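The values are calculated or read from the model by the stated rules, or taken from the named source; none is laboratory data. Note that the coordinates shown come from a computational prediction; the quantities given were computed from them, not determined experimentally. Using ideal geometry, Cβ is built from the backbone for each residue, glycine included, and neighbour counts are taken over all protein chains shown. Accessible surface is based on the protein model in full, side chains and every heavy atom, while ligands, DNA and RNA are left aside. Shrake-Rupley method; radii C 1.70, N 1.55, O 1.52, S 1.80 Å.
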Amino acid sequence: MARPSPASVKTERLLNLVIALLYTRQPMSKSRIRTAVPQYAESSNDAFDRMFERDKDELRDLGIPLRTEVIDPLFDDETGYRIDRREYALPEISFEPDELAVVGVASRAWSQASLAGPAAQALRKLEASGLARDSSSVAGVEPLLHTKEPAFDSARDAVLARRQVTFRYRRGPAGQVTERHLQPWALTSWHGRWYLTGHDLDREAPRVFRLDRVEGTVRATGKPGTYEVPADHDARAMITNSTGDEERDTSVRVALRPGTGHQVRRRGQLLEERGPHDWDIVEVQVGSLWPVIEEVASLGPDAIALAPEELVTGVRQTLESVVARHDLGDPDNNAASTDEIPATVGGEEH
């Protein structure tokens with residue numbers, strides 16, 4: 001399992017700190033904060049002091065109203081910390097109909113995860129310590145941008161740190177895979193796809209790369225801050241001006257059991273109804289293989305990838321990784337027997 005990046009660890013720690021300071025109406029002492037935030041509790045005394053001082057400054061730089069106050073009015077020798085909810089909370093906002101439409105479109109790219117994982121663990125620790133909870137202040141602390149691209153996190157970290165990277169890239173749906181070396185400038189979403197722009201060190205020229213065609217992760221190979229992003233860099237202009245097979249859609253064919261795969265059917269064209277083994281053959285034009293690989297794999301025994309070969313391989317590897325992760329050694333435990341899935345559909349063996 002891949003280790004989380006330093007940037008994600010820091011973000012998680014700051015999120016836990018914000019939740020802890022929003023969770024209570026009373027100022028929290030430094031020792032109680034250390035107990036409540038998992039990353040602090042796991043650190044030595046010196047490491048905790050350094051992290052906490054940096055994190056306080058960073059929260060204030062982000063505009064979060066972090067207050068230092070006396071914990072007990074009768075004893076002014078112990079101070080604590082809290083976030084002023086009145087300053088932290090947004091005022092009431094109203095939108096015109098056209099503005100609401102834009103917000104609705106933008107919201108499709110975001111998933112709310114403010115209380116997920118370690119954040120929920122931090123709340124449970126606070127509750128166990130006996131603090132009075134102010135539950136109205138915690139929801140919506142941090143929206144997370146949702147994407148299915150495996151290389152997204154490593155590419156984003158490299159762009160933010162301005163670090164040279166190396167990755168394996170497939171040019172076109174069935175093109176050759178080569179190793180590329182890049183100084184990344186920006187990571188941009190355009191028409192439902194993510195693109196990485198930057199200076200290609202192999203070509204000594206600016207280039208655009210579709211993130212779904214990166215094989216594996218984007219590996220950082222240089223030190224942070226070793227180059228500058230051109231002041232006039234326009235990522236969207238680079239993407240729209242790019243030409244060639246990077247922008248061509250891919251035709252995929254899938255065999256579906258009758259009565260299943262309705263989302264695939266709605267986007268595609270029925271080539272053959274009740275064909276070999278009584279299955280339907282559907283063709284779909286897609287811009288990225290990765291989402292359809294996940295979709296076909298999620299249908300389990302109700303769908304079979306037929307073409308192109310990259311789709312077949314991707315679905316097979318996805319299902320094999322699921323089996324390996326859950327250690328399904330006994331075929332009797334499977335939801336459906338492999339005998340139910342035909343070995344040949346539409347004249348091709350799989």
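Looking only at the range 155-177, count every residue that is modelled with pLDDT of 90 or more and of a type in the set (S, T, N, Q) and tell me the total.
2
Condition check: open to solvent by 50 Å² or more (accessible area, probe 1.4 Å), within 28 Å of Tyr169 (Cα to Cα), at pLDDT 90 or above and within 28 Å of the chain's Cα centre (by Cα). Does Arg267 satisfy that?
Details: open to solvent by 50 Å² or more (accessible area, probe 1.4 Å): yes; within 28 Å of Tyr169 (Cα to Cα): yes; at pLDDT 90 or above: no; within 28 Å of the chain's Cα centre (by Cα): yes.
Criteria not met by Arg267.
What single numbered condition from (1) modelled with pLDDT under 85; (2) open to solvent by less than 20 Å² (accessible area, probe 1.4 Å) fails to hold for Arg248?
It is condition (2) that Arg248 fails.
Scan the range 191-218 for residues that are part of a strand (DSSP E or B) and loosely packed, with under 14 Cβ neighbours inside 10 Å and report the count.
Keep residues of the range 191-218 that are part of a strand (DSSP E or B), which gives 193-200, 205-210, 214-218.
Add one more test, that the residue is loosely packed, with under 14 Cβ neighbours inside 10 Å, and what stays is 205, 215-216.
Total satisfying the criteria: 3.
Could you grab me the full set of residues in the range 54-84 that are under 29 Å from the mean Cα position of the chain (by Cα) and either crowded, with 16+ Cβ neighbours inside 10 Å or in a helix (DSSP H, G or I) (or both)?
Arg54, Asp55, Lys56, Asp57, Glu58, Leu59, Arg60, Asp61, Ile64, Leu66, Ile83
Among the candidates Val345, Val282, Val323, Val286, single out the residue that is modelled with pLDDT of 80 or more, among the β-branched types (Val, Ile, Thr) and at negative phi.
Working: Val345 fails: modelled with pLDDT of 80 or more; Val323 fails: modelled with pLDDT of 80 or more; Val286 fails: modelled with pLDDT of 80 or more.
None of the others qualify; the one that does is Val282.
What is the one condition in (1) modelled with pLDDT under 85; (2) of a type in the set (Lys, Arg); (3) more than 25 Å from Asn16 (Cβ to Cβ) that Lys125 does not satisfy?
Only one criterion in (1) modelled with pLDDT under 85; (2) of a type in the set (Lys, Arg); (3) more than 25 Å from Asn16 (Cβ to Cβ) is unmet by Lys125, namely (3).
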